[in-house]
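Please treat every number below as a calculation from the coordinates, not as lab data. Here the structure is a predicted model, which is why all the values come from computation and not from measurement. Please note: Cβ atoms are built from the backbone with ideal geometry, for glycine as well, and neighbour counts cover all protein chains shown.
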Amino acid sequence: MIELSNLDIGLIFSFFALTLFIGLYVSKKSGKNATEFFLSGRNMPWWLLGLSMVATTFSTDTPNLVTDIVRKGGVSGNWAWWAFLITGLLTVFVYAKLWRKSNVKTDIEFYDLRYGGKPAHFLRGFRALYLGVVFNILAMSGVTLAAIKIGQVMLGLSPIETVGIASVVTVIFSAIGGFKGVVYTDFLLFFTAMVGSIGAAYYIINLPEVDGMTNLITHPQVVDKISLLPDFDNTELVITLLIIPLAVQWWSSWYPGAEPGGGGYIAQRMLAAKDENHAIGATFFFNIMHYAIRPWPWILVALASLVIFPKDDPEAMDIAKEKYVALQEVSNSRGLTQEEQKQMDTYYFASEGLTAIRKAFPEDKVQKDKIGHDLAYSAMLTRLPSGLLGLVLASLIAAFMSTISTHLNWGSSYVVNDFYVQQINKNASEKELVTVGRVSTAILMICSALLALFLTNAKQLFDYIIMFGAGTGLIFILRWFWWRINAWSEISAMFASGIVSLIFNTQTVSNALFGEDLLPSWSKYPLVVLITTIIWIIATFITKPETEDVLTNFYAKTQPGGPGWKKIIEKTKQKGILNTTEKWSVPSGILAMLVGCVLIYGVLFATGYFIYGQYVKATILSLIAIIAAFIIFKLWKRIKSNIL
């Protein structure tokens, strides 16, 4: 636990006051109607929305997640989420303009535009609760868990105290300010969070125990963790960290902020943009900042934590694991004495390489079920000096509020527009809709805060969400470009993905069906994707397509183009509802996506090599990134001309 100086306290309270002032300032206009409350009148510029996207994903759990990944598997372990860049750029150059042209209030409303009848109505209501409530609460609970760990380690607060303080302030701000309050405050939060994370990384690298960048990357605990690519001699590691994410995961899995085809709070911001060009500009800026620049301060702090809180020796970890398993068997047969329980806890922390962290934060400071490698980020921040400490704490508060307020407003938009209006009161007044939005905001916060009290690790939640969205992503990509996909395609994929994931992740069921050693661990995810994909394709062809009216109206409004709509384009022209036909920009968009990946991965790698002092590699990659940027500029002009 640390003691805050008057300067630190002043910085934190000034930030709180400014945030609440912004919420109050925009509250009158935000409460005017549902469109203002959830989309701010659809007149937002690209730069403000782009900063908002970056701030939203700059959460308290993100540096914890990155720290957990780096300490366990090295920098290359981040390919588990770096691969989602492909999804992000596909959204930028293909889907952003389509979402803005659809003119829906939420991406869930899309179901009533693209599909028709009772299946579409069911899908819209169910997905509103499934994503806006269940998955949204899971995502927010991971963010709140990180806040709990920061509160325990840095301020000595109990989980309930942290949750109570953070929740009350965020709910008040989110409920009164609406989407406009969220976006305006995100502008402030972005700069606060960036300055805080960069300042913390710089100071921590220069601590006497770490002694600069050169000593950090040559330290025995760190030297095998700095590679940006996994060890290609380790086949299983390459398959898990590189091949599956780049070949399968990016297009097949739904994940908040990286939905194939766009969606969630990213879609909310695209829908709030002034026009298609602003929607594209916002998402492109977000992807550059999110993947290429922002991760490095977190990565450096994670690497430094291996020096301050080193992992146990691998051989000692294996021995501790055997003793832990033996005591588990004793516990299952007769129970454990108090002394045996202490030994079991000691063996568990040693088997996970957490002995140093456990010694630094015994049970009277941090609950044992909250101890994990992700705690190391908060632990490192306790070493910051006065002033910088207050700024970093303010940046962490900023990160928490930005992410949670976005999730609350986004989830509430689903509850109001896609459930309440559709299922409960179709004639609700604008005032009633805003009231329901504010009430649902409070309920979502309470539920996520309660769940966070029972969670232990952010990485577990990340893996869980990834697995339960496996196999559904391809539909979200193809539904814009293939007329034959219908509501039953999505319904079957959604349920198949959940059921198959449960089977593969329930150890007893999995062993009974496949045996303990029949399937390698890396094979579960692609198998879930394969089975889910087969099921939804079969469901597509054995059910009736959407009606001609639904398909022609959808095409006339969005004009996605391509051979997948050839039949419908002719029908649309015959009806006289399609006066102009845009050029199909998808080929140019896919090319721009590939070149964009070269640009952003090039910047990501070049930044890393400059930090590591490997200047030749960094310079070569920088030149490649510059060439890619020039090509993107040319492709952008072609895509833009197709929009206009």
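Using Cβ point charges alone (K and R +1, D and E -1), the dipole size of the range 336-398 about the Cα centre works out to roughly 300 debye.
Potential lengthening of the chain between residue 72 and residue 567 amounts to 173.0 nm, from the contour at 0.36 nm per residue minus the alpha-carbon distance.
From most to least packed by mean Cβ count within 10 Å, the peptides 322-333, 211-222, 525-536 give 525-536, 211-222, 322-333. Could you name the aspartates and glutamates whose alpha carbon sits less than 13 Å from that of residue 180, not counting residues in the same chain fewer than 8 places away? Counting by Cα, and skipping residues close in sequence, residue 180 has these aspartates and glutamates nearby: 36. Using the Cβ-Cβ distance between residue 432 and residue 9 with R0 set to 45 Å, the FRET efficiency works out to roughly 0.65.
Each other residue within a Cβ distance under 11 Å of residue 58 adds +1 if Lys or Arg and -1 if Asp or Glu, for a net charge of -1. Basic side chains Lys and Arg get +1 at the Cβ, acidic Asp and Glu get -1 at the Cβ, and with that the dipole of the range 314-371 about its Cα centre reaches some 180 debye. Does anyone have the angle between helix 46-57 and the longest principal axis of the chain? Alpha-carbon axes, 0 to 90°, nearest 10? Once rounded, one gets 40 degrees. Taking each of 567/637; 571/637; 575/637; 342/524; 321/370; 118/567 in turn, the alpha-carbon distance tops 28 angstrom for 567/637; 571/637; 575/637; 342/524.
Counting 0.36 nm for each residue step from residue 160 to residue 638 and taking away their Cα separation leaves a gain of 166.7 nm. For the range 213-233, the residues whose backbone nitrogen is under 12 Å from a point 7 Å from the Cα of residue 614, taken along Cα to Cβ, are 224-231.
Report summary: the helix-based calculation at 222 nm, which adds -39500 (n - 2.57) for every DSSP H run with n ≥ 4 and divides by the residues of the chain, gives -22000 deg cm²/dmol. Taking the longest Cα principal axis of the chain as reference, the axis of helix 6-30 is set at about 10 degrees.
In the range 337-446, taking the dipole from charged Cβ atoms about the Cα centre, the farthest positive-side position among 398, 422, 445 is held by 398. Positive end of the dipole of the range 314-371 (Cβ unit charges, origin at the Cα centre): among 362, 328, 349, the Cα lying farthest that way belongs to 362. For the range 199-300, the list of GluC sites (Glu not before Pro) that fall in a loop by DSSP and count at most 12 other C-beta atoms within 10 angstrom reads 209.
Remark: spin-label model distance residue 231-residue 172 equals 5.3 nm, labels positioned 7 Å along the Cα→Cβ axis. The angle between the Cα long axis of helix 430-452 and the longest principal axis of the Cα atoms of the chain comes to about 30 degrees, rounded to the nearest 10. Summing Cβ point charges (Lys, Arg +1; Asp, Glu -1) relative to the Cα centre of the chain gives a dipole of roughly 2900 debye. Summing charges over neighbours of residue 392, with a neighbour being any other residue whose Cβ is under 12 Å away from its Cβ, gives 0 when K and R count +1 and D and E count -1.
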